[in-house]
Amino acid sequence: GELVRFARSILSDGSVSTSAQHRSLLTGLLSRISVVAAFDLIGQLLQDESREDVIHILTLMPFNSDVWVAIRELGPDFEDQYWRLVKADWAKEKEDIEYAVRRLLGAGRSHAAFALARYHLKALDPHLIFRILERIPLSEEKDQFSNIDAHHTKEALSLLDRSKAFKNEEMVRLEFIYLGLFRHEPGGIPNIERQIEKSPAFFAEAISYLYKRDGDIAAAEGSTDTAKRAAENAYYLLKKLSVVPGHNENGDLSAERLLAWVDEVRRLCTEAGRIEGCDYQIGELLSRAPADDTGIWPCMPVRDVLDQVLTERMESGLTIGIYNSRGAHWRGEGGQQERALAEKYQAWARSQEYTHPRVAAALRKLADTYRRDADWQDDEAGIRKRLQY
């Protein structure tokens, strides 16, 4: 009748897939009629309109289970094409959300699946959320990976971790995939932290992803996108680690366990020809160690280990890690802040002079660096004062 003539007049003027105006007109029409009337219209259009246009019309219908049941009646070809093209904007019921998410995953649309699921994460089966996150990097949806919703992805990872439904190795794999999203945020990798402590080989593997073999000065050629992403994630991983390995069953840091961990990492990286990068990264990791109960930094287990294994490259990682940990900070006039830091590290060096001389020497060098910074800040303040700005 009249609806069929109206729809055909729109279709005769151009393809639905290429005309936003035509899609808008048809969307308005379909939203004002029942599902039964809509599919009666679809049946008549199928007689003389292109299959492509009819499928695009199906994607303009309300996104709900009544429509999905009716589409299923048209056969698997229509149903599959529908889920490849439909904009999955909203669903209310948990059963509808889970069904739509599974269909979108089956159509290779993991980004669309997560966009639908992200506001209902607590209501969904954790295994379904895991499947979505696992498949996103493999999706063929173009230009999507860099635009992932970091907030809801982090919420999803946290929910999966709390569910205790997955092995640590499975969660490590997911956290490694999404490391880049959290490079400027605290936390986000509790399973990786646990795996690093349990497995020195995991830390050594990250070193191998990030560094060329020692002495290899040739630029890497022919790196695949996968290899580049692995190197980027290894970098983010090493920068984000905040827990020093070597804790015992009571959660206390043990010098014996830490030393065994360091020795094994260094052995593996020596075999892989990457000991220089290894020592630097061990030093940077140990720069994040806590102070002991008396306020002296680093804590005793880390002091004990460093005094046994400290190399020039490890010392470089240690001091640069400490220096960079200061981050952005408010500045006063001149170098007073730097002098205070110099005094702090000098005091720690004096307290370890006889018990841990190699650690004390590294702390004295750091104090000297801050004194030079203080002198430079004084000079800058004097220049600004003379120039009156």
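General remarks:
Condition check ((1) within 20 Å of residue 173 (Cα to Cα); (2) among the aliphatic types (A, V, I, L, M)) across all residues:
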site: 105; (1), (2): yes, yes
site: 112; (1), (2): no, yes
site: 128; (1), (2): yes, yes
site: 136; (1), (2): yes, yes
site: 149; (1), (2): yes, no
site: 152; (1), (2): yes, no
site: 157; (1), (2): yes, yes
site: 161; (1), (2): yes, no
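- Number of the exception - residue 323 against (1) of a type outside the set (Val, Ile, Thr); (2) surrounded by 19 or more Cβ atoms within 10 Å (Cβ to Cβ); (3) free of Cβ contacts under 8 Å to residues at least 60 places away in the same chain: (2)
- Residue match in the stretch 337-356 (condition: surrounded by fewer than 18 Cβ atoms within 10 Å (Cβ to Cβ), in contact with a Ser or Thr (Cβ under 8 Å, 6 or more places away or on another chain) and at pLDDT below 95): no
- Filter result for residue 293 (in contact with a Cys (Cβ under 9 Å, 6 or more places away or on another chain) and without any contact (Cβ under 8 Å) to a residue 24 or more places away in the chain): yes
- For the stretch 107-131, the tally of residues that are more than 18 Å from residue 162 (Cβ to Cβ) and aliphatic (A, V, I, L, M) stands at 5.
- Residue count for the stretch 340-384, restricted to those that are under 18 Å from residue 319 (Cβ atoms) and part of a helix (DSSP H, G or I): 31
For every residue, the table says whether it meets (1) part of a helix (DSSP H, G or I); (2) more than 25 Å from the chain's Cα centre (by Cα); (3) surrounded by fewer than 17 Cβ atoms within 10 Å (Cβ to Cβ).
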position	(1), (2), (3)
257	yes, yes, no
265	yes, no, no
284	yes, no, no
291	no, yes, yes
295	no, yes, yes
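- Listing of helices (runs of 4 or more DSSP H) fully contained in the stretch 49-161 that carry 1 or more residues being of a type in the set (Asp, Glu) and surrounded by fewer than 18 Cβ atoms within 10 Å (Cβ to Cβ): 51-59, 65-72, 76-85, 94-106, 126-135
The values are calculated or read from the model by the stated rules, or taken from the named source; none is laboratory data. Note that the structure is predicted; figures quoted are calculated from it, not measured. Every residue, glycine among them, receives a Cβ derived from its backbone with ideal geometry; neighbour counts consider all protein chains shown.
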